[in-house]
Amino acid sequence: MLQDLPAKSKPRYTIAMNAFPDLRLRRARRTPGIRALFDLEIPDPAKWCWPLFLVPGAGVKAEIASMPDQFHWSADRICEAVEPAVRQGVGSVLLFGQSDRPKDNGGSGAWDERGPVQQAVRALKRAFPQLTVMTDVCLCAYTSHGHCAPLRPDGALDNDAACACLAKVALSHAAAGADVVAPSAMMDGQVAAIRASLAEDGFDDTLLMAYSTKFASACYGPFRDAEGSAPTPPPGAPADRRGYQASPANPRAALLESALDEQEGADLLMVKPALFYTDMIAALKARTLLPVAAYNVSGEYAMLIATARAGWGDLRDLVRESALALTRAGADLIISYWANRYDELLA
Ligand code: PBG
Ligand code: ZN
């Protein structure tokens, strides 16, 4: 009966529930299943790239003292090295090398078509045609002074001569079958020089990943030990790489480096190091439509290993949290020494 209804019904709730106690964010974090609904995921192994170190000789597999669990490999064992990563689904590798030729001012060992990197590229493309093989294009492991460019008689870096050398290196890698060449010398015009040489020789399909925003970082130490590529300058030559790598204190110039590499014909850009520079990854992503790689460098790797070994943190948790930092920042490709342990640490 109508008259049984209360004369005036009072709403039992308000429409705007945007404050405690109605609003409780912990609801969306209560169980692993609920969290998984909302959380970002660590990228699939296909989005990871594993760097590897080639050395001259045969039968070599030697642990790198400054980079625990990473090894020097000779080209004849490179397929054995890479097979477990391929099995886990890792999409790409990035090859670094050294030569048994004497080091010289121009780093000529770097474009030896029988060098360890060139041999390894051929072997890998034969054994794993579906694996994307990238190569680092630089001179510092091959020059007598450890700089990424030849030195002029006055000790200054010869930028334009370096570009010509780097183009020869990139061509030798492309000719061996590299899918991606990645110049890391931070010389002005290096991307344009390499793109032009590739085009001239008909390598239209070779991708060019520019180490476009590469900082003069203190985080490369373990790598330089592994590569024997620390600068050992003669008198009059620069003591470090600050004259060519980007300044950590000048983010605008660092972004301009990437913008120029894009104009010069890069297919992929990169920020390096990665974890100290997540702001740069995000800023670059906002400014380019090219894919952006993040290079999680040797010193960043060493920091987590050292923390875990001291018993101050769990390695898997540390690695996963760092991978999420790069994912949040917007990295499309993660170049990392963890890649070969994807199943153990990242899956
Ligand atoms: C050389 C090069 C370096 C790295 C990659 N290519 C070191 C440097 O610039 O001295 C660093 C990689 C790492 O630390 O993992 N051009
Ligand atoms: Zn270099």
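The values are calculated or read from the model by the stated rules, or taken from the named source; none is laboratory data. These figures come from a predicted structure and were not determined experimentally. We place every Cβ from the backbone using ideal geometry, glycine too, and count neighbours over all the protein chains shown. Areas reflect the complete protein model, heavy atoms only, side chains present, ligands, DNA and RNA absent. Shrake-Rupley method; radii C 1.70, N 1.55, O 1.52, S 1.80 Å.
Would you pick out the residues in the stretch 329-342 that are part of a helix (DSSP H, G or I) and closer than 11 Å to Ile42 by Cβ? Tyr342, the sole residue that qualifies.
Considering the stretch 176-217, the residues that are away from ligand 2 (no atom under 16 Å from the Cβ) and in a helix (DSSP H, G or I) include one that is nearest to Pro251 (Cα to Cα), namely Ala192.
Which members of the stretch 98-126 meet the condition of being touching a His at 6+ places or on another chain (Cβ under 8 Å) and closer than 19 Å to Cys163 by Cα? It would help to see each step written out before you state the result.
If we filter the stretch 98-126 for residues that are touching a His at 6+ places or on another chain (Cβ under 8 Å), which is where we start, we get 105, 117-118, 121.
Asn105, the sole residue that qualifies.
Selection over the stretch 221-261 of residues that are open to solvent by 30 Å² or more (accessible area, probe 1.4 Å), more than 13 Å from ligand 2 (Cβ to nearest atom) and either in a helix (DSSP H, G or I) or among the aliphatic types (A, V, I, L, M) (or both) gives a count of 11.
Residues in the stretch 144-160 that are part of a loop (DSSP other than H, G, I, E, B) and either open to solvent by 20 Å² or more (accessible area, probe 1.4 Å) or within 10 Å of ligand 1 (Cβ to nearest atom) (or both): Ser144, Gly146, His147, Cys148, Arg152, Pro153, Asp154, Ala156, Asp158. Can Gly265 be described as closer than 21 Å to Asn159 by Cα and open to solvent by 50 Å² or more (accessible area, probe 1.4 Å)? No.
When Ala266 is tested against (1) touching a strand residue (DSSP E or B) at 6+ places or on another chain (Cβ under 6 Å); (2) outside any loop (DSSP other than H, G, I, E, B), just one condition goes unmet, and that condition is (2). Restricting Ala141, Ala85, Ala127 to those that are closer than 21 Å to Tyr342 by Cβ and either within 16 Å of ligand 1 (Cβ to nearest atom) or under 18 Å from the mean Cα position of the chain (by Cα) (or both) reduces the list to Ala85.
Return a yes/no flag: does the stretch 272-290 have any residue that is crowded, with 19+ Cβ neighbours inside 10 Å, within 27 Å of Ser66 (Cβ to Cβ), in contact with a Lys or Arg (Cβ under 9 Å, 6 or more places away or on another chain) and in contact (Cβ under 8 Å) with a residue 60 or more places away in the chain. Scanning the stretch 272-290, I find at least one residue that is crowded, with 19+ Cβ neighbours inside 10 Å, within 27 Å of Ser66 (Cβ to Cβ), in contact with a Lys or Arg (Cβ under 9 Å, 6 or more places away or on another chain) and in contact (Cβ under 8 Å) with a residue 60 or more places away in the chain, so the answer is yes.
For the stretch 33-51, a residue qualifies if it is without any contact (Cβ under 8 Å) to a residue 60 or more places away in the chain, touching a helix residue (DSSP H, G or I) at 6+ places or on another chain (Cβ under 7 Å) and not charged (D, E, K, R), and the qualifying residues are Ile34, Phe38. Just so you know, in the stretch 207-220 the residues that are more than 8 Å from ligand 1 (Cβ to nearest atom) and under 18 Å from Cys163 (Cα atoms) include one that is most open to solvent (accessible area, probe 1.4 Å), and it is Leu207.
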